Amino acid sequence: MRTLVHLSDLHFGRVDAGLLAPLRQRLEAIGPHLVVVSGDLTQRARSQQFEQAAQFLQTLPQPQLVVPGNHDVPLHNVFKRFVNPLKNFKRHITGDLEPFFADDEVAVAGLNTARSLTFKDGRVNQEQVALLQLRFADFDERVTKVVVTHHPFDLPEDRDSGDLVRRAAMAMKVFAECGADILLSGHMHLGHAGSTSARYALGGYAALTIQAGTATSTRARGEANSFNAIHIGRDEVRLDTYGWDAVKGEFRVRSHAAFAREAKGWRELAATEAAA
């Protein structure tokens, strides 16, 4: 079993500094095999904000897989936004906008959904998903395949579908072909997990989608700061969501969920099943 810690929407520039040390301590205690950060490391894509984000990431467990979000593209500097939108991200965080990690149990592929032509929305293209398909082709069904983006491919039923990444239907067809198992995202500052089966009819294929809330931003949107610890086995996924407890001054497990792989995708287990 592999453990991934899933952080998102750090938003340095609008960060609650009091959460940084407790977050680092909790991640050290979990001891993940991989730390995933699904975008929006900064609030306004400024060099100083990226420097602060990079310094913080250096204190967290390694290895790490990091993708940018829409806030990592300059908003007010129009020249930088359209000429070299991710210059500061590549300079301070990583020059690899399509990062990849693999071992003998998981293969994790990052896709950059941040674009300069839109202020909030994201997009994927055929070249990106073709590269992902090639990477996943080296792994059989014994390896769990994970896709990391900032913008989500699925949402809770009460959320506007306009928040979905653009060209999601095209990408989902490729995910079905290459057997992508789990889709990780952020953007909404909302924790959520579920199956893609209701939104996408793809011949019985379904992926497990997991969104992370904001780990450190002051822009919590009604939900306490949080992150996910995802424990991945071949036929099961156990999800622990850690939320900030202001009284205790620490990140504590807020909820547990467990999912089992079945012929048509993933099914959330009842509490009695998960405990068995």
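The values are calculated or read from the model by the stated rules, or taken from the named source; none is laboratory data. What you see is a predicted model, and the numbers here were worked out from it, not measured in a lab. Reconstructed Cβ throughout: ideal geometry from the backbone, glycine too, with neighbour counts over all protein chains shown.
Quick one: in segment 222-276, of everything that is part of a strand (DSSP E or B) and among the β-branched types (Val, Ile, Thr), which residue is nearest to ALA107 (Cα to Cα)?
Within segment 222-276, the first condition is being part of a strand (DSSP E or B), and the residues that meet it are 226-232, 236-245, 250-262, 265-268.
Filter once more, keeping what is among the β-branched types (Val, Ile, Thr): 230, 232, 237, 241, 253.
Numbers: ILE230: 14, ILE232: 11, VAL237: 15, THR241: 22, VAL253: 26 Å.
For segment 222-276, the residue satisfying everything is ILE232.
Considering only helices (runs of 4 or more DSSP H) fully contained in segment 1-101, which possess at least 1 residues that are modelled with pLDDT of 95 or more and over 27 Å from ALA258 (Cα atoms)? So that I can check it myself, show each step before the final result.
Working: elements: 20-30, 47-58, 78-83, 87-92.
Passing ranges, in order: 20-30, 47-58, 87-92.
Quick one: what pairs do we get from segment 1-29, first residue touching a residue at least 12 places away in the same chain (Cβ under 8 Å), second crowded, with 24+ Cβ neighbours inside 10 Å and charged (D, E, K, R), C-beta under 8 Å, 6+ apart or different chains?
SER8/ASP40; ASP9/ASP40; LEU10/ASP40; HIS11/ASP40
Restricting to segment 168-192, give me the number of residues that are at pLDDT below 95 and part of a loop (DSSP other than H, G, I, E, B).
6
May I ask you to verify whether HIS150 is closer than 23 Å to ARG221 by Cα, in contact with a Lys or Arg (Cβ under 8 Å, 6 or more places away or on another chain) and not in a helix (DSSP H, G or I)? Before you say what the answer is, go through the steps one by one.
Numbers: closer than 23 Å to ARG221 by Cα: yes; in contact with a Lys or Arg (Cβ under 8 Å, 6 or more places away or on another chain): no; not in a helix (DSSP H, G or I): yes.
No.
Residues being within 14 Å of the chain's Cα centre (by Cα) and free of Cβ contacts under 8 Å to residues at least 60 places away in the same chain: count how many of those fall in segment 212-251.
Looking only at segment 212-251, we keep the residues that are within 14 Å of the chain's Cα centre (by Cα), and these are 212-215, 226-230, 239, 241.
Among the residues that remain, those that are also free of Cβ contacts under 8 Å to residues at least 60 places away in the same chain are: 226, 239, 241.
Summing the residues that are within 14 Å of the chain's Cα centre (by Cα) and free of Cβ contacts under 8 Å to residues at least 60 places away in the same chain in segment 212-251 gives 3.
Suppose we filter segment 94-108 for residues that are more than 27 Å from GLU51 (Cα to Cα) and either of a type in the set (Asp, Glu) or crowded, with 19+ Cβ neighbours inside 10 Å (or both); how many remain?
Matching residues across segment 94-108 total 5.
Which residues, counting only those in segment 105-138, are at pLDDT below 95 and either closer than 17 Å to ILE232 by Cα or of a type outside the set (Gly, Ala, Ser) (or both)?
ARG115, LEU117, THR118, PHE119, LYS120, ASP121, ARG123, ASP138
Please indicate, with yes or no, whether at least one residue in segment 158-167 is free of Cβ contacts under 8 Å to residues at least 24 places away in the same chain, part of a loop (DSSP other than H, G, I, E, B) and of a type in the set (Asp, Glu).
Yes, there is a match, as at least one residue in segment 158-167 is free of Cβ contacts under 8 Å to residues at least 24 places away in the same chain, part of a loop (DSSP other than H, G, I, E, B) and of a type in the set (Asp, Glu).
Evaluate the following for TYR205: is it in a loop (DSSP other than H, G, I, E, B) and in contact (Cβ under 8 Å) with a residue 60 or more places away in the chain?
Considered against the rule, which asks whether it is in a loop (DSSP other than H, G, I, E, B) and in contact (Cβ under 8 Å) with a residue 60 or more places away in the chain, TYR205 comes out as yes.
Among the residues of segment 183-191, are any over 30 Å from PRO74 (Cβ atoms) and either of a type in the set (Ser, Thr, Tyr) or free of Cβ contacts under 8 Å to residues at least 24 places away in the same chain (or both)?
no
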